[in-house]
């Protein structure tokens, strides 16, 4: 609720989308520098939990920017089907990317996995800015 009016009043949708995606990359880079939770450990270390909170904040800003972009690009009658495509693409992307990270987990360390995620976000931010 707090982000939508701020995003409307400050800057373009493309700028918000680019910044939020780059921010997600930055947060993944921060996670690469933190120790992974230990096996059998109850809860997360406070630093990891705090950075994950930042990750969710960045994702919320990105969601607001994507919704604003959909409203700008689609006709009112297209918003329902457009939202369906958006949700299906999000779920499919999460499942495929999560599966890929799980497949890479035995090969790559915690820092390498999060640096790979960071690089992917930064590439997406660069593509969003260039579009």
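Remarks
- Any hit, segment 26-44, residues being within 25 Å of residue 5 (Cα to Cα), at pLDDT 90 or above and assigned to a helix (DSSP H, G or I): yes
- Matching option when the condition is in a helix (DSSP H, G or I), under 27 Å from residue 15 (Cα atoms), more than 14 Å from the chain's Cα centre (by Cα) and in contact (Cβ under 8 Å) with a residue 40 or more places away in the chain, among 122, 129: 129
The values are calculated or read from the model by the stated rules, or taken from the named source; none is laboratory data. Note that the structure is a prediction, hence the values are computed from the model and not measured. As a convention, Cβ positions derive from the backbone with ideal geometry for all residues, glycine included, and neighbour counts pool all protein chains shown.
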